[in-house]
Structure formats: structure tokens, C-alpha cells
Amino acid sequence: GMIGIHDSTHIEAGKKHHHLDVNTLRGHTDCVTALDFSSDACNLATVCADGVVRVFRIDDASSKSFKILKINLPAGAHPTAIAYSEGSSSVVVAAQALLGSSLYMYADVGAPPTGGNKQQGKLSPPEIKWDHKKIHGKESVLNLAAARATHGTGDGSTIVISCSEATDIKIWHGKSGKELGTVDTNQLKNNMADISPNGRFIAAAAFTADVKVWEIVYSKDSSVKEVHRVMQLKGHKSAVTSLCFTPDSEKIITASKDGTIRVWNINVRYHLDEDPKTLRVLPVPLHDSKGSTCLYEHMGISPDGKVLAVTSGSTLQWLCAETGVVLDTAEKAHEGAISGIAWAPRTIPNGNVLSPFLL
């Protein structure tokens, strides 16, 4: 039910005390299922098993208390994922109900600025701007990911993908809610999916060792023309549990049950059948008490592309993205398993210093 804020400027390898843990966001009454930062890093949106979306105003990460805006989801909706959809004030929430998963988009959900007038609390709650019911049949949404369409003739609008626990992934226009396409991994079941920061590629970690990559092609009028499969990352020996794109959208980092992390160059001429190249194979450095390699369930790369944050159960680790060297480890970063991580897209004040944060 809590979220830890970790300051990644003070990483020192080998120290066991948690000098990186800056603060804890409280106020959730149940387990937090997902979180996301707004593009300006001033707001953090979370969803909790209690059916409430909370938006925290983060003016200073070391603050004693944070302003919170609360939005109650429709009755019976159990939120599983959240992503900012347009700028810093619209969020898309995926929530599971008996009949399947729905998407809800709320606009103007910025938490009130610190020191706002007392009338703020009397404002009407944010309304649902668009919603879609049963988007993946009866299956729930494992994760949402969003990116701005800046590649090619993309107009910079936000594209959101929803990854089903079955095999399909849907692509949505963040502002209008229009469904732009569906892709299918055809691989038993998905683990998660991601979209490149420039809105060009989608990659899915599924039940097998291969990772499928699709390209979103934009037309001259910047609408989505087609989504087609362009690459397959072949090299892992068993299922890929998590992956992420690098900030320049030219590489994908994958973690697998085979005990390795691979860094792939996807900036290849795939239309000439040039295959993506494995640039590096790094051993997963985390082992359990029996000596078995741990599985990384979530990963995210810092905005400068230098630090890879990974989680396994309740452990959070920081790795050098270039070498795979462990920069720091926070064991039992939470009471239970970590359900998601997010990097602040830019530095945030922490007392008197600006720091890159991970939540």
C-alpha cells in the first residue's frame, strides 16, 4: 500500500544501507497495482486495489506531505494499470470487472498545487472523457504503456498500448480513445509489452524466448496507417519476463528466465532482412538463497539511458545499462512484491538538490 521514492544520484556500489530511499507516499488503503509519472514530473498517478486513482503533486520529493487528488473508479472496477495519455493532466486507467477489462480516460487530473486556495476541494471530480468496455474479451490488462508519436509523420499525439494477459495487444489514440489497431503475439500468453518513446515500435515479452516487434506506420495526415510485424529478437533460451526500450528508441533491453539480460540494436534495415543484433549479453546478477538466478519482473531505464532499474519480488536493483554491473540493491524495498516502477522523466527537487527519481 506504499510507494518508495528513491534518489538515484547517490548510488554507491556495495553499501547495504538504503541511502537511496528518500520518502514514502502513504494514503493507499490496499496494494498499489500500478503508477506513472506525468511528462513534467510534477504529478504521480497511482491505482490501488481499493478502486481509487490517486494523483500526488510532487513539488519536492523530500516533502513531509503531498497534495492528493482522488478519483473513485466506477463501482466494481478493479484497476490493474495506468498511463498518462496526453500531456501532464490526462490519464488512462485499465480496470478489471466481472465481464472483462475496461479503459477509462480522465482529463484535467492534476493534483492541486501546494498552497492553493481552500476552495480547491469543492471542485467537481474529473469526468470520464472516453471509455471502452471488454477491450480484451474476459482477459485483464497486464500493463499499459504510452509514447508520443514523433517518428515519421506522427503529429506528437500520445499513443497508448494495452497488453492483455492473453496474447493480444491493442493500440489506442490517447486523446480521442480511437482504437488504432491490434497485434497478437500468438505465444500462449503475454508477460508485458512496451512502446518505444518515439511511438514507432511495440515489443512484447511473452511465454517464449523470442520477442516480437511491430512497427506503427503513420500516414501523411499523421493518422495510423498500419501496424505490421517487422522483427523478432532471437537469442534467449527461455521466456522473456520483461523488457524496455532505450530513450533513443534504437535498442531494446530484455531479461529472461535463462538468467541473462540482452541489449539489442533494433536500428537495422529490416526491410532488407537485416536482423536486429545482440550488442551485449549480461548475466542477471541477482540470486536467491538457493543460488538460483532470480527473475526480473519489471524494468525501466533512466531518462539518460545510463541506469537500468530492475525488480524481483520485493527487491529493487540498479544496474549500469552499459556493463550490467550492480550499482546498488535495495532488498525488501517493500513488504510485498513490487508491482511496478517508474522513473521521473526529469529531475525533481529533493530538499535543495535536483535528483533523478525512481518510484
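Subtracting the Cα-Cα distance from 0.36 nm times the residue separation, let me have the gained length for Lys178 to Leu98 in nm, one decimal. Walk me through the numbers before you get to the answer.
Numbers: separation 80, 0.36 × 80 = 28.80 nm, distance 2.37 nm.
Difference between extended and current length: 26.4 nm.
For a quick check, take a GNM of the chain with Cα springs below 10 Å and name the residue from Val268, Val52, Val213 with the largest mean-square fluctuation.
Result for the chain, Cα springs under 10 Å: Val268 fluctuates most.
Under a 5 Å amide H to amide H cut-off, with H placed in plane at 1.01 Å, what residues pair with Ala81 once short-range neighbours are removed?
Here Ala94 satisfy the definition.
Could you tell me which of the pairs Lys234/Lys257; Lys134/Lys178; Lys212/Lys257; Lys178/Lys220; Lys138/Lys225 are separated by over 20 angstrom between their Cα atoms in the structure shown?
Too far apart for the 20 Å limit: Lys138/Lys225.
List the lysines whose Cα lies under 16 Å from the Cα of Lys175, skipping any in the same chain that are fewer than 8 positions away.
Answer for Lys175, where 16 Å is the Cα cut-off: Lys129, listed by chain and number.
Output the relative contact order of the chain, whole-number percent, from Cα pairs under 8 angstrom with separation of 6+ residues.
The value is 13 percent.
Cα atoms only, segment 139-283: Rg and Dmax in Å?
That works out to 14.4, 45 Å for Rg and Dmax.
Leaving out ligands, DNA and RNA but keeping every protein chain, what accessible area does Lys138 have, in Å² rounded to the nearest 10, with a 1.4 Å probe?
140
Under the 0.36 nm per residue contour assumption, what length would be gained going from the current alpha-carbon distance of Lys133 and Ser219 to full extension? Walk me through the numbers before you get to the answer.
Values: separation 86, 0.36 × 86 = 30.96 nm, distance 2.80 nm.
So the chain would gain 28.2 nm between Lys133 and Ser219.
Taking 0.36 nm per intervening residue step and subtracting the Cα-Cα distance, what contour gain separates His271 from Glu250 on full extension?
Length gained between His271 and Glu250: 6.0 nm.
GNM, the chain, Cα, under 10 Å: largest mean-square fluctuation among Ala344, Ala97, Ala83?
In the Gaussian network model the winner is Ala97.
Quick one: if the Förster radius is 51 Å, what FRET efficiency do Lys64 and Phe207 give, using the C-beta to C-beta distance and rounding to 0.05?
Given R0 = 51 Å and the Cβ-Cβ separation, E is 0.70.
Sort 205-211, 190-196, 303-309 by packing, meaning the average of other beta carbons within 10 Å per residue, with the highest value first. Each step should come with its number before you reach the end.
Values: 205-211: 20.1, 190-196: 24.3, 303-309: 17.9.
Result, highest mean Cβ count within 10 Å first: 190-196, 205-211, 303-309.
Please give the net charge around Arg346, taking every other residue with its beta carbon less than 11 angstrom from that of Arg346, where Lys and Arg add +1 and Asp and Glu add -1. Working shown, then result.
Details: positive: none; negative: Asp40, Asp304.
Cβ neighbours under 11 Å give a net charge of -2.
Please compute the net charge surrounding Gly152, taking Lys and Arg as +1 and Asp and Glu as -1 over other residues with Cβ under 11 Å from its Cβ.
On the way: positive: Arg200, Lys220, Lys225; negative: Asp155, Glu215.
Charge balance near Gly152 sits at +1.
Run the numbers on segment 139-283 and let me know its relative contact order in percent, using alpha-carbon pairs under 8 Å that are six or more apart.
Working: 392 pairs, mean separation 22.9, N = 145.
Averaging sequence separation for qualifying contacts and normalising by length gives 16 percent for segment 139-283.
Between His228 and Leu188, what is the spin-label point distance in nm, taking each point 7 Å from the Cα along the Cα→C-beta axis?
3.0
The values are calculated or read from the model by the stated rules, or taken from the named source; none is laboratory data. The structure presented is a predicted model; accordingly, all values stated were derived computationally and were not measured. Ideal geometry is used to build each Cβ from the backbone, glycine not excepted, and the neighbour counts take in all protein chains shown. Side chains are part of the model used for accessible areas, which takes the heavy atoms of the whole protein and leaves out ligands, DNA and RNA. Shrake-Rupley method; radii C 1.70, N 1.55, O 1.52, S 1.80 Å.
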